[in-house]
Amino acid sequence: MTTHQTAQSMAQVPQAQQAPHTARAQTPETPAQPPLQPIPPGDPLPHRKILRGWLEPLVQRTTLYPLLLLVFDYAIFGGLQAGIVFAQSGIVKLVCALVAGFVIGRLFIIGHDACHQSLTPHRRLNKWLGRIAFLPSLTPYSLWEAGHNVVHHGYTNLKGFDFIWAPLSVEEYQALSRPRRVMERIYRSGWGPGLYYMLEIWWRRMMFPSRAAMPTRRPIFFKDCWLVSVFAAVWLAVLVWAALATAQSVTLVLVLGFVVPFLFWCAMIGFVVYVHHTHERVSWYDDRAEWARAQPFVTTTVHLTFRWRFGALLHHIMEHTAHHLDMSIPLYKLEEAQAQLEAMLPQRIVIQPFSWRWYFATAQHCKLYDFKARQWLKFDGRQSS
């Protein structure tokens, strides 16, 4: 399916189908109680409503804590920007720049939750907090909401709808032009997630997208694009002023204060999304009926685990299976929700301890996809395992 066809599919998602992908509406129904014993791996998977019912107590949201998180992360980001300007050591400046990129990722995760209406109980507040949190990553709120909430969460790993890291078949790859095949090889080399996100997602689908990329033309899309553009201009202007005021190289301050953090952020989000949905045990589908029968809300995402509670530094975005099952669970409840889900559904969820060896092995093996055999392939068409 072409980019235009994919964009049309996104634009044609009925409004009735969009509603479930925001925060859950409050109902008077009694939440379903988790079973006393885990469900054996061979038994049928319960309906999604039942699984969501198990996690109903964790959907409760608060206001003060996420506000403090947002203020805290912005304070760190501001401090790192000051470090880039005022530090004497070039190494210290570079470290501040890289950490600033990481903090942009933390702010984005807060905005991601707000965009799902899961950050606080207040819908209007979530929209504003989401826009504020998205500013350093230069992410237009409404366009992210359309592409992520509606399409990615509504049709996770369904080729032709979910366009995030959707693998090509052998036939699709061979039909590409030579330059496009080179780009595909770079993207899936293990070294290219940042380039993929920056070009294929942010530039083509987020920043003033063309009609081919986004056939639906809503005024709010362009307002949000202008909002992040103005923020970027102010950010750059402040850095230029700071460089001149401290008699430093304007180019150096701009590169370390803006370019390096943004590139680090692109690499970070590209990596995160890649490892969430690319794994030898994760299936992709090109038939909607087959996809629906597979109940993919549990089996198409990876729970990537880290040592030393590193996942907490990422606001628990790596507890991704629970997030895909129920997007209304706030980030500060995801760890508990993921643990409960894995206890109730043993051997159903892909749990992967992170290592660079695993990551590059996955990048080596998961290049193309055989949608009939549901098998990852290498670029030459051979089975990867």
Checklist entry - Computed over the Cα atoms, what is the radius of gyration of the stretch 180-253 divided by 2.2 N^0.38 Å, N being its residue count? => result 1.52
Next on the checklist: Please report the antiparallel percentage of DSSP beta bridges with both residues in the chain, rounded to the nearest 5.
Outcome noted: 40
Item to check | C-alpha center-to-center spacing [the stretch 339-385, the stretch 113-181] in angstrom | outcome: 21
Checklist entry - Among I50, I317, I109, whose mean-square fluctuation peaks in a Gaussian network model of the chain (Cα, cutoff 10 Å)? => result I50
Checklist outcome for this item: P(r) of the stretch 268-385 over all Cα-Cα pairs, 5 Å bins starting at 0, rounded to whole percent, reads 2, 11, 19, 23, 20, 14, 8, 3, 0
Item to check | Dipole in debye (nearest 20) - the stretch 45-372, about Cα centre, beta carbon charges: Lys, Arg +1; Asp, Glu -1 | outcome: 440
Checklist outcome for this item: Proxy exposure order for D162, D224, D287 (fewest C-beta within 10 Å first) is D287, D224, D162
Next on the checklist: Could you compute the longest span of the chain free of chymotrypsin sites (Phe, Trp or Tyr not before Pro) located in DSSP loops and having at most 14 other Cβ atoms within 10 Å, not counting the site residues?
Outcome noted: 1-190
Checklist entry - Counting other Cβ atoms within 10 Å of each Cβ, which trypsin sites (Lys or Arg not before Pro) in the stretch 344-377 have at most 11 and sit in a DSSP loop? => result K372
Next on the checklist: Using only the alpha-carbon atoms, what does the chain span along each of its principal axes? Please give whole angstrom values in decreasing order.
Outcome noted: 69, 54, 44
Checklist entry - Projected onto the charge dipole of the stretch 45-372 (+1 at Lys/Arg Cβ, -1 at Asp/Glu Cβ, origin at the Cα centre), which of T299, S137, H320 gives the Cα projection farthest towards the positive end? => result S137
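No lab work stands behind these numbers, since they all come straight from the coordinates. Predicted model only: the values in this text are computed from it and were never measured. As a convention, Cβ positions derive from the backbone with ideal geometry for all residues, glycine included, and neighbour counts pool all protein chains shown.
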